[in-house]
Structures are given as C-alpha cells and as structure tokens.
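Peer 1: Quick one: structure below, then a few questions.
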Amino acid sequence: MYNEFFEEMQSGMLPFIDAKTYGRSPVECSSFIASSAFVDPANHGRGFLPRLSGSTAEFLSIWSLMFIGQSPFFINYETGLVEMQLKPVLPSWLILEDKFAHKQGQRYYVEFKLFTSIKVTYFIEERKHLFRVIPKKYEIGLRDGSIRRVDRPVIPNDLALMVRRVVQIDHINVFL
C-alpha cells in the first residue's frame, strides 16, 4: 500500500518529475521565462522568480512535510508547554547508506538543514519508507559543544524552545 502511494507521489508531483520530462530541473521552477524578444540576449530562456510562485510554494510545502512533518512544535495539553517531535514521511529511495561510519548500529541516514542552520540527521536501522515512524531518541548538539540526549520520541520544552530560537543549536541526530 505504501509503495504504491510513494510511486504515485514520485511520478506526478513537481519535485519528483524527471528533469528531462519537465524540460529543466524542478528546482528551477520559474514564474516566467525570458523569451527571445527580451532585450538582453544573455537572459533568453532564463527563468525568473520575482516572488514566491505557486510551484515554489508547493515545493517548499512538500519538502517541509516530508522532512519535518506537519506540526513539529505543539502544545502538550497535560503540561501546557511547547514540545517538539520530528515525523518524517520519506520514501526509502531518499535514504542513503552509510558505508563508512556506523553510528550506534544505524546503517542508513537522511540529512537536511532545519531553519537554514541546524543540521538534522535521521539515522535509520534499515532502508524502508518512513511513514508513521516516530523517533526513538534524539541527540541535540549545542553550539557550546555539549550534547543533550533525549531518550523518548518527544523533545521537551527547554530544548524545543532552543530549537525554535535556532542560535544555540548546532545539530540534531534523530534515531528512528
């Protein structure tokens, strides 16, 4: 069931369309393309994004849902405090094999930048679709060099607020 879902998603959504089929890399989504009538010949055929276009907004929305989940920050109604949980929804073909360094027995990984500066690495025991898979634990590296370990699926309030503020967090390792 999930295989069919990801195959359909991969074939029909802009971020996964083959560049040859689309005519250029989907990363180069453009609001408009300068025609041969444009004054500067160096810009003929060049794509422009004067503002956030629909295709770019769609791409960013899909990317954030896939890598961080729908609501990474939420209010714990029992405590009334902000907490955080990363819930990726990634197909197995985006997961890379770590052939050199095996961190705590994890063979596979996916990396991305959260808020443009926090390196997040998902460590995965086996290559599989990440759908409804919740984290087992986190290692959060602070910019002062210290490591904070969270041995549960949810990041507590103090660290969640630090992640939202960005400046104190260097990286987050997530073990799935």
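The values are calculated or read from the model by the stated rules, or taken from the named source; none is laboratory data. Note that this is a predicted model, so its numbers are computed, not measured. Note that each Cβ is placed from the backbone with ideal geometry, even for glycine, and that neighbours are counted across all protein chains shown.
Peer 1: Test each condition in (1) at pLDDT 70 or above; (2) surrounded by 10 or more Cβ atoms within 10 Å (Cβ to Cβ); (3) part of a loop (DSSP other than H, G, I, E, B) for Ser30 and report the one that comes out false.
Peer 2: (1)
Peer 1: Separate question: Please find, among Val120, Val163, Val133, the residue that is assigned by TED's automatic domain parsing to the domain that holds Pro88, part of a strand (DSSP E or B) and aliphatic (A, V, I, L, M). Talk me through it step by step, then tell me what you get.
Peer 2: Details: Val163 fails: part of a strand (DSSP E or B); Val133 fails: part of a strand (DSSP E or B).
Of the residues listed, the single one that is assigned by TED's automatic domain parsing to the domain that holds Pro88, part of a strand (DSSP E or B) and aliphatic (A, V, I, L, M) is Val120.
Peer 1: Checking Tyr109 against (1) more than 16 Å from the chain's Cα centre (by Cα); (2) buried (at least 16 other Cβ atoms within 10 Å of the Cβ): exactly one of these is not met. Which one?
Peer 2: (1)
Peer 1: I need a count of the residues in region 52-81 that are part of a helix (DSSP H, G or I) and closer than 30 Å to Asn157 by Cβ.
Peer 2: The total comes to 9.
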